[in-house]
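Colleague: Before we start, here is the structure in question, set down as structure tokens.
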Amino acid sequence: MGYKAVRYHDEHGRRYVGAFAASAGSAVIANAVLGGGFQVQEWSQQNLVVVPMLVIAIIATVFVHNRLVQYGAGVGLLGIWTHYFSILQASLS
């Protein structure tokens, strides 16, 4: 990774990782409220995937200066997103 990218992440990482955490938190709430209200069958399964994303994002926000945690968060999110799109988004299959 180039020096500018590392510096940018060090200076602004909490903001964009925190924004992702806020987005994941909003998704959990929206899935619970709207999914139950509109009888969407997949909402509970989607929350089972989104909650770990939220946990990973919070950990990555807290430990933004620890490179090992950041790489682990990226690998973890990639795995979760792969599962989400391959299993829970049947319309994409």
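Quick note: the coordinates plus some simple rules give every number you see, no bench work behind them. Computed from a predicted model, the values in this text were never measured in an experiment. For neighbour counting, all protein chains shown are included, and Cβ atoms are generated from backbone atoms with ideal geometry for every residue, glycine included.
Colleague: Using Cβ counts within 10 Å as a stand-in for footprinting exposure, how do Leu77, Leu48, Leu68 rank, fewest first?
Modeller: Leu68, Leu48, Leu77
Colleague: Right, something else. Please list 3J(HN,Hα) in residue order for the range 73-88, calculated via the Karplus relation 6.51 cos²θ - 1.76 cosθ + 1.60 where θ = phi - 60°; whole Hz, with x for glycine and proline.
Modeller: Whole-Hz 3J(HN,Hα) from phi for the range 73-88: 4, x, 5, x, 5, 4, x, 5, 5, 4, 4, 4, 6, 7, 9, 8.
Colleague: Residue farthest toward the positive end of the dipole of the range 3-92, with Cβ of Lys/Arg at +1 and Asp/Glu at -1: which of Asn47, Ser23, Ala5?
Modeller: Looking along the dipole axis, the top candidate is Ala5.
Colleague: In nm, to one decimal, how far is the Gln89 label point from the Val62 one, both placed 7 Å along Cα→Cβ?
Modeller: 2.9
Colleague: Give, rounded to the nearest 20 debye, the magnitude of the charge dipole that the range 3-92 has about its Cα centre when Lys and Arg contribute +1 at Cβ and Asp and Glu contribute -1 at Cβ.
Modeller: 320
Colleague: Could you order the peptides 82-88, 16-22 from most to least packed, using the average number of other C-beta atoms within 10 Å per residue?
Modeller: Descending mean neighbour count gives 16-22, 82-88.
Colleague: Also, I was wondering about something else. For Ser26 and Tyr71, FRET efficiency with R0 = 35 Å and r from the beta-carbon atoms, rounded to 0.05?
Modeller: 0.85
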